[in-house]
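The values are calculated or read from the model by the stated rules, or taken from the named source; none is laboratory data. None of the values given here were measured: they were computed from a predicted structure. Ideal geometry is used to build each Cβ from the backbone, glycine not excepted, and the neighbour counts take in all protein chains shown. The area values use the complete protein model at the heavy-atom level, side chains included, leaving out ligands, DNA and RNA. Shrake-Rupley method; radii C 1.70, N 1.55, O 1.52, S 1.80 Å.
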Amino acid sequence: MIKKILQKEDPALHKVCHPVTNFDRKLAGLLEDLIATLKDAQGLGLAAPQIGILRRVCVVMDDDESYLELVNPEIVSQEGEQEGFEGCLSLAGRYGIVKRPMKVKVKAQDRHGNPVEYEREGITARCFCHEIEHLDGHMYYEKTDRLFTEEEVDELMRKAEEGE
């Protein structure tokens, strides 16, 4: 079911989430709701606190447009660096320049409690970091000096393409 995405001023977005201990129908329903809501919002990742559920659960769109379900995720290694614009469904229409690792390895559990591990680069690595930060009550704008509007980002990209 498509859920309402909370916005930055909501207190739920600034709380540390609880680990998942029951791998049951309720968890499966949460994962399905996260995927449905993410698809509807046309985003790249969504964490449970963004829909008001304080559990360590998030979903991230993979490079092949499938969805990676991460229960109790943790980053176990990271390499390199990338810097770029980042946005968030809980801060609609605003973007910031954020440094993230280029490559990230995440250890988590699937919806049945089985261990899973994913190693990704680029935008998916960025999404892993972004969504896992949500589970600790943090948002990307804490890592940026300034927030840009969509129009400002478009203008900066246009100027970069023209070599200004």
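Values as computed for the structure displayed
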| item | result |
| --- | --- |
| Cross-chain or 6+ apart pairs with Cβ under 9 Å, segment 30-57 first and modelled with pLDDT under 95, then open to solvent by 40 Å² or more (accessible area, probe 1.4 Å) and of a type in the set (D, E, K, R) | none |
| Qualifying residue in segment 109-116 (condition: more than 15 Å from the chain's Cα centre (by Cα), among the aliphatic types (A, V, I, L, M) and not in a helix (DSSP H, G or I)) | yes |
| Residue selected from segment 41-96 under the condition among the hydroxyl-bearing types (S, T, Y) and open to solvent by 30 Å² or more (accessible area, probe 1.4 Å), by the criterion nearest to E121 (Cα to Cα) | S77 |
| Strands (runs of 3 or more DSSP E) contained entirely in segment 1-96, each with at least 1 residues that are within 14 Å of I132 (Cα to Cα) and touching a helix residue (DSSP H, G or I) at 6+ places or on another chain (Cβ under 8 Å) | 45-47, 57-61, 67-79 |
| Single residue of segment 120-164 satisfying the filter (in contact with a strand residue (DSSP E or B) (Cβ under 6 Å, 6 or more places away or on another chain) and either on the phi > 0 side of the Ramachandran plot or surrounded by fewer than 16 Cβ atoms within 10 Å (Cβ to Cβ) (or both)) that is modelled with the lowest pLDDT | L147 |
| Single residue of segment 25-40 satisfying the filter (in contact with a Lys or Arg (Cβ under 6 Å, 6 or more places away or on another chain) and more than 15 Å from Q109 (Cβ to Cβ)) that is most open to solvent (accessible area, probe 1.4 Å) | D33 |
| Failed condition for P115, given (1) in contact (Cβ under 8 Å) with a residue 40 or more places away in the chain; (2) open to solvent by 20 Å² or more (accessible area, probe 1.4 Å); (3) not aromatic (F, W, Y) | (1) |
| Conditions (1) under 21 Å from Q50 (Cα atoms); (2) in contact (Cβ under 8 Å) with a residue 12 or more places away in the chain; number of the one not met by S66 | (2) |
